[in-house]
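What follows is a short report on a single structure.
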Amino acid sequence: MPEFLGPLPLAEQVAAKILVRQAATIGERVFVAYGSHSVTYREANARANRVANALRALGVKLVGIWCTHHHPDHVGGVEGIVDALGAMPVLGSAYDAREKRIPRQTDAVGEQTTGLTWAGEPVRVLEIPGHTLGAIAYVLGGAVFSGDTLFLAGCGRVFEGTMPQMRASLAKLRALPESTRVYPGHEYTVKNLEFAAQGEPESAAVKARLDDARARRARGEPTVPGVMSDELATNPFLRWQAPTVQQRIGLTEPDAIFAHLRLAKDRGSL
Ligand SMILES: [Zn+2]
């Protein structure tokens, strides 16, 4: 059975801040790399050499880079990696291909894409605009790589799309099987759960998950991956139908609830 490694194997092994915050297929494994929060293309490409060296040392061949969206902290290292290791498929959305904003992108993928496989299994691409207009997610092997759209217990900021667009994208992700493992683009889980606790202070599920996330982080462990069933129970940005959420903010219309929560999160409190 294919295996996902992550989220920090390479970062730990090379002690490098890794730049390509997306799934990269390596043989039959997917490495999910997470790095510093803000990084310029120049910094990321400099670090790419360290990643390339680590891959060589591990004896693995990088066979492709799958990008969820164009932000520099997600694709900043692509150029450097391709330069160091040679040409390989670099996947991203059709929107980002048109905008030419993913360096070295070779393939445009979307919901119409067929024939994309990983370890012999079909891969589904979901178009999830909102954080950016070119955002996509990859669904494979019982997992979703959700970029900056769905975080554990949270969601990304709405930069390019509209609030209803973002909510529709989250609805699409929310509809995946409850057993789906969730690999987001950032480790923001503790902060997100602190916000969730403001929205649902009586929720035992939120409290338990917050305790667990804090304990993991204190041990230096990631909270990623999560599982969709926990997201359904504790992520306020997926819970517009929950009576507790509706009562807390005094709204019932889904898009209004989502926008209210997202704006409150941007401000830092509900
Ligand atoms: Zn982003």
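For segment 197-209, the count of residues that are of a type outside the set (S, T, N, Q), within 23 Å of Gly142 (Cα to Cα) and touching a Leu at 6+ places or on another chain (Cβ under 9 Å) is at least one.
Yes or no, residue by residue, for (1) among the charged types (D, E, K, R); (2) more than 16 Å from the ligand (Cβ to nearest atom); (3) at pLDDT below 85:
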position: Ala52; (1), (2), (3): no, yes, yes
position: Lys61; (1), (2), (3): yes, yes, yes
position: Trp66; (1), (2), (3): no, no, no
position: His69; (1), (2), (3): no, no, no
position: Ile81; (1), (2), (3): no, yes, yes
position: Ala84; (1), (2), (3): no, yes, no
position: Pro89; (1), (2), (3): no, yes, no
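Looking across segment 154-181, the residues that are within 16 Å of the ligand (Cβ to nearest atom) and not basic (Lys, Arg) come down to Gly154, Cys155, Gly156, Val158, Phe159, Glu160, Gly161, Gln165, Met166, Ser169, Leu170, Leu173.
Here the condition is being small (Gly, Ala, Ser) and modelled with pLDDT of 95 or more; of Ala168, Ala119, it holds for Ala168 alone. May I ask you to verify whether Val139 is of a type in the set (A, V, I, L, M), more than 16 Å from the ligand (Cβ to nearest atom), touching a residue at least 24 places away in the same chain (Cβ under 8 Å) and more than 28 Å from Met163 (Cβ to Cβ)? When the stated conditions are applied, Val139 does not pass them. Restricted to segment 104-124, and to residues that are touching a Leu at 6+ places or on another chain (Cβ under 7 Å) and of a type in the set (A, V, I, L, M, F, W, C), which residue is nearest to the ligand (Cβ to nearest atom)? Of everything passing the filter in segment 104-124, Val109 is nearest to the ligand (Cβ to nearest atom). The conditions of being away from the ligand (no atom under 16 Å from the Cβ) and modelled with pLDDT of 95 or more are met by Ala213. The set of residues in segment 254-270 being loosely packed, with under 13 Cβ neighbours inside 10 Å and outside any helix (DSSP H, G or I) consists of Gly268, Ser269. Exactly one residue out of Leu176, Leu251 is under 18 Å from Gly147 (Cβ atoms) and not in a helix (DSSP H, G or I): that is Leu176. Of the helices (runs of 4 or more DSSP H) lying entirely inside segment 189-243, the ones with 1 or more residues being basic (Lys, Arg) and surrounded by fewer than 20 Cβ atoms within 10 Å (Cβ to Cβ) are found at 189-199, 204-218. The set of residues in segment 114-137 being surrounded by 18 or more Cβ atoms within 10 Å (Cβ to Cβ) and of a type in the set (Val, Ile, Thr) consists of Val123, Val125, Ile128, Thr132, Ile136.
The values are calculated or read from the model by the stated rules, or taken from the named source; none is laboratory data. As the structure is a computational prediction, the values presented were derived from the model and not from experiment. Note that we place each Cβ from the backbone using ideal geometry, even for glycine, and neighbour counts take in every protein chain shown.
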